[in-house]
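Data first, discussion second: the structure below is written as structure tokens.
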Amino acid sequence: MKKKQTGGTIIGFILGVLVGLGGALAVAVYVTKVPVPFLNKGGARSADQDAAEAQKNKNWDPNALLQGKNPARPAAPAAS
């Protein structure tokens, strides 16, 4: 005797969607509740420290080590 099965695909699809949404909700709740690392590690900075770092970084060239011993000079503007 053969037993006829009906609705297996639709029920499986609905259960899959529900399990997927439940998992996504669990991840979203976990991510929003977990503390953010390195947020307050350095402490507060004073205005003097910020000004000193801004002055130090004013003419900083990130490619200085790539230029070698004799860096190329910038091209002079053309005289008109």
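The values are calculated or read from the model by the stated rules, or taken from the named source; none is laboratory data. The structure presented is a predicted model; accordingly, all values stated were derived computationally and were not measured. What goes into the accessible areas is simple: the full protein's heavy atoms, side chains included, and nothing from ligands, DNA or RNA. Shrake-Rupley method; radii C 1.70, N 1.55, O 1.52, S 1.80 Å.
A few points about this structure:
- Those residues of segment 54-80 which are open to solvent by less than 80 Å² (accessible area, probe 1.4 Å) and in a helix (DSSP H, G or I), in sequence order: ALA54, ALA64
- Residue within segment 1-23 that is at pLDDT 90 or above and of a type in the set (S, T, N, Q) present: no
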